[in-house]
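Undergrad: This structure is in structure tokens; I'll ask about it shortly.
The values are calculated or read from the model by the stated rules, or taken from the named source; none is laboratory data. As the structure is a prediction and not an experimental result, all values here were calculated from the model. Don't worry about glycine lacking a Cβ; one is built from the backbone with ideal geometry, like all the others, and counts go over all protein chains shown. Just so you know, the surface numbers come from the protein's heavy atoms only, side chains and all, with ligands and any DNA or RNA stripped out. Shrake-Rupley method; radii C 1.70, N 1.55, O 1.52, S 1.80 Å.
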Amino acid sequence: MKKDTLILSFESSCDETSVAVIKNGKEILSNIIATQIKSHQRFGGVVPEVASRHHVEEVTHCIELALDEAKVGYDDLDAVAVTYGPGLVGSLLIGIMAAKTVAFAHDLPLIKANHLAGHIYSANLVADLQYPFMALLVSGGHTEIVLVRAPGEFETLGDTRDDAVGEAYDKIGRVLGINYPAGKKVDEMAARGNDIFDFPRAMVQEDNLDFSFSGLKSSFINRVHHADQIHEELNKDDLAASFQGAVLDILSNKIFRALKQHPVKQLVVAGGVAANQGLRQRLKKDIEERNLDMDLIFPPLRLCGDNAAMIGAIAQIQYDKKDFADLTINADPSLDF
Amino acid sequence: MKILAFDTSNKPLTVAVVCDGDVLASIESTEKKTHSVSLLPDIQQALKDSKLSMDEIDLIAVAQGPGSYTGVRIAVTVAKTLAFTLKKNLVGVSSLEVLAADGSEDKILVPLMDARNDNAFAGVYQYQDGELVNLIEDHHTSMEKLLDTLKQYESDKLEFINATEHLTDLIKDVYPEAMVMDTKDSLPEADKLAKLAENKPAVSDIDNFVPNYLRLTQAEHDWYQKGHKKDGNISYVEEV
Ligand SMILES: Nc1ncnc2c1ncn2[C@@H]1O[C@H](COP(=O)(O)OP(=O)(O)O)[C@@H](O)[C@H]1O
Ligand SMILES: [Mg+2]
């Protein structure tokens, strides 16, 4: 029997301070998440300097809770892992400095993890991944189709040319008067409304795997402003449903193009927007209709947003490859695969 | 008492290990280093130079601000995490006091951090019987107001520390005879930080130890300006 591996992982790339203890990259012993949403709601979006300040306030308390809840001490740990990008530089630095300090103080190997890879590997906490698998990464900052050929080997097949899908949700949400982050609320409204506004589905005719959401966002905003000018009352649920209808058509179109080129046994959907109920239902239905022998893996809601458990999951793969970092690591705000 | 001290609140980075007043190791870098990259390796090096292990350290002393927000956060995060994870005592010292520690014994010391737009972080200190005493608390101020406040002291007694070229111009306009140390001549020294820390109480609540920014963020400032108030009970950060 192989010895168990315990990794203490840190995530602070945006507005959540999170520390987790993960066993063998699969089992969550603890996953403490301190979210700053209420703070940033005052400003209508994440303010980087405010976020950095909150991370410093939270970080040691999160470590303490993570170790307590997991009922482990430093001697039980095998490594320390931390997100080093992409994200907000000031936010990333707090997790990085704290993780480096713990690794240094207890003489533990350090692993630097890619936040995007973490989102994808959140699936590893709920399923046995079979390679190659396809991942649709949809979050506030990213919209990517990624083929994972082997453990920790990523190939980006498609990306957004402008806004990320979560960003588009937040921007049209603002026009509907919804507090940041708007995705969840828009999703709920969409479930009650009808897709009647016929917003554009950008790039779905094009034979590539890239996305564009800024045109959709602009049509939405123009439609609402036009109605305001002529004092026309639009049904907000229908607006949400029409926006979400376009988003789902675009995502579905591109991901199935990718799956046609690269047939796989598993499709992982990860990132904050993977919490979207409409998306969950839509992809399930699409797979059934196409009679595909493919598992659809959506991580549970708690693992869709930013969290350190997913960082522990990807870090295990790096641990197995002895892909260790040293105490000189720095934040890489625009890191990609 | 064995003290590990460090300061990254401005461009220079300094780390020292001091044992009962003796400086066992001291690392000072003036060139612009990336603090997030260098701090832990430099701490490691300072311990190695002093032939001590982290276990043998009794106290961690850190410059707690004001200064560059990111810079101060780097040192404070490392200091509080070290103190928390190894159950060590922690002391925060004003970054301005560290600068003042290098001033003349017989002067009124005014350490500064340029905060742009004719503003500065400043405090007023004086050596009394070999001890550095705080006369005016560290604060964020317009230079105009600061220079006016300093009129209560004899101008030839004033010694400004860590003045950028621009701040020097503003000072010289009002106090042509004052002594002004520029940023190159005003390097924080972690061994002095360690000695200052010795006389201060240890932090009782490490989790809540944060930098002394001495300024709200712009976003919060604007939010309060709009008449918003913090609802007494609200917690802006919550565990989920
Ligand atoms: N049910 C949902 N439907 C659509 N978007 C959602 C939903 N829940 C959350 N989101 C969006 O997810 C994003 C946050 O995801 P996250 O992975 O934290 O993003 P990032 O790390 O890139 O900032 C926000 O843009 C938010 O609006
Ligand atoms: Mg994310």
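Undergrad: Quick one: in the range A:296-330, of everything that is open to solvent by less than 20 Å² (accessible area, probe 1.4 Å) and over 17 Å from A:GLY271 (Cα atoms), which residue is farthest from the other protein chains (Cβ to nearest Cβ)?
TA: The extreme case among them is A:GLN316.
Undergrad: For the range A:296-327, what are the residues that are of a type in the set (Asp, Glu) and either out of contact with any helix residue (DSSP H, G or I) (no Cβ under 9 Å at 6 or more places or on another chain) or more than 16 Å from A:SER122 (Cβ to Cβ) (or both)?
TA: Of the residues in the range A:296-327, the ones of a type in the set (Asp, Glu) are A:306, A:320, A:323, A:326.
Hits for the range A:296-327 are A:ASP320, A:ASP323, A:ASP326.
Undergrad: Could you pull out the residue among A:PHE220, A:PHE243, A:PHE337 that is within 16 Å of ligand 1 (Cβ to nearest atom), away from every other protein chain (no Cβ under 14 Å) and within 20 Å of the chain's Cα centre (by Cα)?
TA: A:PHE337
Undergrad: Within the range B:143-154, is there a residue that is under 17 Å from B:PRO188 (Cα atoms) and either buried (at least 19 other Cβ atoms within 10 Å of the Cβ) or modelled with pLDDT of 95 or more (or both)?
TA: Checked the range B:143-154: no residue is under 17 Å from B:PRO188 (Cα atoms) and either buried (at least 19 other Cβ atoms within 10 Å of the Cβ) or modelled with pLDDT of 95 or more (or both).
Undergrad: Any chance the range B:193-202 includes a residue that's within 22 Å of B:SER68 (Cα to Cα), surrounded by 19 or more Cβ atoms within 10 Å (Cβ to Cβ) and either among the β-branched types (Val, Ile, Thr) or assigned by TED's automatic domain parsing to the domain that holds B:HIS139 (or both)?
TA: Within the range B:193-202, none of the residues are within 22 Å of B:SER68 (Cα to Cα), surrounded by 19 or more Cβ atoms within 10 Å (Cβ to Cβ) and either among the β-branched types (Val, Ile, Thr) or assigned by TED's automatic domain parsing to the domain that holds B:HIS139 (or both).
Undergrad: While we're here: Just need a number here: residues in the range B:118-129 that are open to solvent by 50 Å² or more (accessible area, probe 1.4 Å) and more than 20 Å from B:TYR175 (Cα to Cα).
TA: 2
Undergrad: Counting only residues that are over 22 Å from B:SER94 (Cβ atoms), give me the strands (runs of 3 or more DSSP E) lying completely in the range B:1-41 with at least 3 of them.
TA: On the way: elements: B:2-7, B:13-19, B:22-29.
Correct list: B:22-29.
Undergrad: Please determine whether any residue of the range B:187-203 is within 14 Å of chain A (Cβ to nearest Cβ) and part of a loop (DSSP other than H, G, I, E, B). Steps first, answer last, please.
TA: Taking the range B:187-203 first, the residues within 14 Å of chain A (Cβ to nearest Cβ) are B:203.
Right, trim to part of a loop (DSSP other than H, G, I, E, B) and you get B:203.
Scanning the range B:187-203, I find at least one residue that is within 14 Å of chain A (Cβ to nearest Cβ) and part of a loop (DSSP other than H, G, I, E, B), so the answer is yes.
Undergrad: Another question, if that's okay. Quick check on my filter: what residues within the range A:104-120 are within 13 Å of chain B (Cβ to nearest Cβ) and open to solvent by 10 Å² or more (accessible area, probe 1.4 Å)?
TA: Scanning the range A:104-120 gives A:PHE104, A:ALA105, A:HIS106, A:ASP107, A:LEU108, A:LYS112.
Undergrad: How many residues does the range A:133-161 contain that are in contact (Cβ under 8 Å) with a residue 12 or more places away in the chain and either within 12 Å of ligand 1 (Cβ to nearest atom) or open to solvent by 60 Å² or more (accessible area, probe 1.4 Å) (or both)?
TA: Taking the range A:133-161 as the starting set, the residues that turn out to be in contact (Cβ under 8 Å) with a residue 12 or more places away in the chain are A:133-152, A:154-161.
If we keep only those that are either within 12 Å of ligand 1 (Cβ to nearest atom) or open to solvent by 60 Å² or more (accessible area, probe 1.4 Å) (or both) as well, we get A:137-144, A:149, A:155, A:160-161.
Counting residues in the range A:133-161 that are in contact (Cβ under 8 Å) with a residue 12 or more places away in the chain and either within 12 Å of ligand 1 (Cβ to nearest atom) or open to solvent by 60 Å² or more (accessible area, probe 1.4 Å) (or both) gives 12.
Undergrad: Could I ask something else about it? Could you go through the range B:161-178 and let me know if any residue there is under 21 Å from B:ALA120 (Cβ atoms), within 14 Å of chain A (Cβ to nearest Cβ), open to solvent by 40 Å² or more (accessible area, probe 1.4 Å) and out of contact with any Cys (no Cβ under 7 Å at 6 or more places or on another chain). Don't jump to the end; show me each part of the working.
TA: First, the residues of the range B:161-178 that are under 21 Å from B:ALA120 (Cβ atoms): B:161-178.
Next, from what is left, pick out any that are within 14 Å of chain A (Cβ to nearest Cβ): none.
Within the range B:161-178, none of the residues are under 21 Å from B:ALA120 (Cβ atoms), within 14 Å of chain A (Cβ to nearest Cβ), open to solvent by 40 Å² or more (accessible area, probe 1.4 Å) and out of contact with any Cys (no Cβ under 7 Å at 6 or more places or on another chain).
Undergrad: Here is a further query. Provide a single number: the residues in the range A:102-116 that are assigned to a helix (DSSP H, G or I) and either in contact with a Gly (Cβ under 6 Å, 6 or more places away or on another chain) or within 13 Å of ligand 1 (Cβ to nearest atom) (or both).
TA: Within the range A:102-116, residues that are assigned to a helix (DSSP H, G or I) and either in contact with a Gly (Cβ under 6 Å, 6 or more places away or on another chain) or within 13 Å of ligand 1 (Cβ to nearest atom) (or both) number 2.
Undergrad: Would it be correct to say that A:ALA313 is among the hydrophobic types (A, V, I, L, M, F, W, C), modelled with pLDDT of 95 or more, over 28 Å from A:GLN244 (Cβ atoms) and within 16 Å of ligand 1 (Cβ to nearest atom)?
TA: Considered against the rule, which asks whether it is among the hydrophobic types (A, V, I, L, M, F, W, C), modelled with pLDDT of 95 or more, over 28 Å from A:GLN244 (Cβ atoms) and within 16 Å of ligand 1 (Cβ to nearest atom), A:ALA313 comes out as yes.
Undergrad: Looking at the range A:257-277, I want the residues that are within 14 Å of chain B (Cβ to nearest Cβ) and have a partner that is of a type outside the set (Gly, Ala, Ser) and within 8 Å of ligand 1 (Cβ to nearest atom) with Cβ atoms under 6 Å, at least 6 apart or on another chain. Which pairs are those?
TA: Correct list of pairs: A:GLY272/A:CYS304; A:ALA275/A:CYS304.
Undergrad: Taking the criterion of being more than 11 Å from chain A (Cβ to nearest Cβ), under 13 Å from the mean Cα position of the chain (by Cα), among the small types (Gly, Ala, Ser) and not in a loop (DSSP other than H, G, I, E, B), would at least one residue in the range B:63-70 satisfy it?
TA: yes
Undergrad: Which is away from ligand 1 (no atom under 16 Å from the Cβ) and touching a Pro at 6+ places or on another chain (Cβ under 9 Å), of A:GLY166, A:GLY215?
TA: A:GLY215
Undergrad: Exactly one condition in (1) within 16 Å of ligand 2 (Cβ to nearest atom); (2) open to solvent by 70 Å² or more (accessible area, probe 1.4 Å) is not met by A:GLU206; state its number.
TA: (1)
Undergrad: Taking A:GLY183 as the residue in question, decide whether it is near ligand 1 (Cβ under 10 Å from one of its atoms), surrounded by 18 or more Cβ atoms within 10 Å (Cβ to Cβ), modelled with pLDDT of 95 or more and away from every other protein chain (no Cβ under 14 Å). Explain how you work it out, then say what you get.
TA: On the way: near ligand 1 (Cβ under 10 Å from one of its atoms): yes; surrounded by 18 or more Cβ atoms within 10 Å (Cβ to Cβ): yes; modelled with pLDDT of 95 or more: yes; away from every other protein chain (no Cβ under 14 Å): yes.
When the stated conditions are applied, A:GLY183 passes them.
Undergrad: Before we move on, is A:LYS260 assigned to a loop (DSSP other than H, G, I, E, B), more than 15 Å from ligand 1 (Cβ to nearest atom) and either over 28 Å from A:ILE33 (Cβ atoms) or polar (S, T, N, Q) (or both)?
TA: Details: assigned to a loop (DSSP other than H, G, I, E, B): no; more than 15 Å from ligand 1 (Cβ to nearest atom): yes; either over 28 Å from A:ILE33 (Cβ atoms) or polar (S, T, N, Q) (or both): yes.
Against the criterion (assigned to a loop (DSSP other than H, G, I, E, B), more than 15 Å from ligand 1 (Cβ to nearest atom) and either over 28 Å from A:ILE33 (Cβ atoms) or polar (S, T, N, Q) (or both)), A:LYS260 does not qualify.
Undergrad: Quick one: would you say A:ALA66 is within 16 Å of ligand 2 (Cβ to nearest atom) and open to solvent by less than 20 Å² (accessible area, probe 1.4 Å)? Let's see the steps before the verdict.
TA: Numbers: within 16 Å of ligand 2 (Cβ to nearest atom): no; open to solvent by less than 20 Å² (accessible area, probe 1.4 Å): yes.
No; evaluated as a whole, the condition is false for this residue.
Undergrad: Only residues that are more than 12 Å from every other protein chain (Cβ to nearest Cβ) and either open to solvent by less than 30 Å² (accessible area, probe 1.4 Å) or not in a helix (DSSP H, G or I) (or both): list them for the range B:213-226, please.
TA: B:LEU214
Undergrad: Taking the criterion of being within 15 Å of ligand 2 (Cβ to nearest atom), among the aliphatic types (A, V, I, L, M), in contact (Cβ under 8 Å) with a residue 40 or more places away in the chain and within 16 Å of A:GLU16 (Cβ to Cβ), would at least one residue in the range A:279-301 satisfy it?
TA: Scanning the range A:279-301, I find no residue that is within 15 Å of ligand 2 (Cβ to nearest atom), among the aliphatic types (A, V, I, L, M), in contact (Cβ under 8 Å) with a residue 40 or more places away in the chain and within 16 Å of A:GLU16 (Cβ to Cβ), so the answer is no.
Undergrad: Continuing with this model, one more query. Go through A:ILE111, A:ILE172 for me and flag whichever is over 28 Å from A:LEU327 (Cβ atoms) and modelled with pLDDT of 95 or more.
TA: Within the list A:ILE111, A:ILE172, the selection yields A:ILE172.
Undergrad: If A:LYS321 meets every condition in (1) of a type outside the set (Val, Ile, Thr); (2) in contact with a Phe, Trp or Tyr (Cβ under 6 Å, 6 or more places away or on another chain); (3) over 30 Å from A:PRO200 (Cβ atoms) apart from one, which number is that one?
TA: (2)
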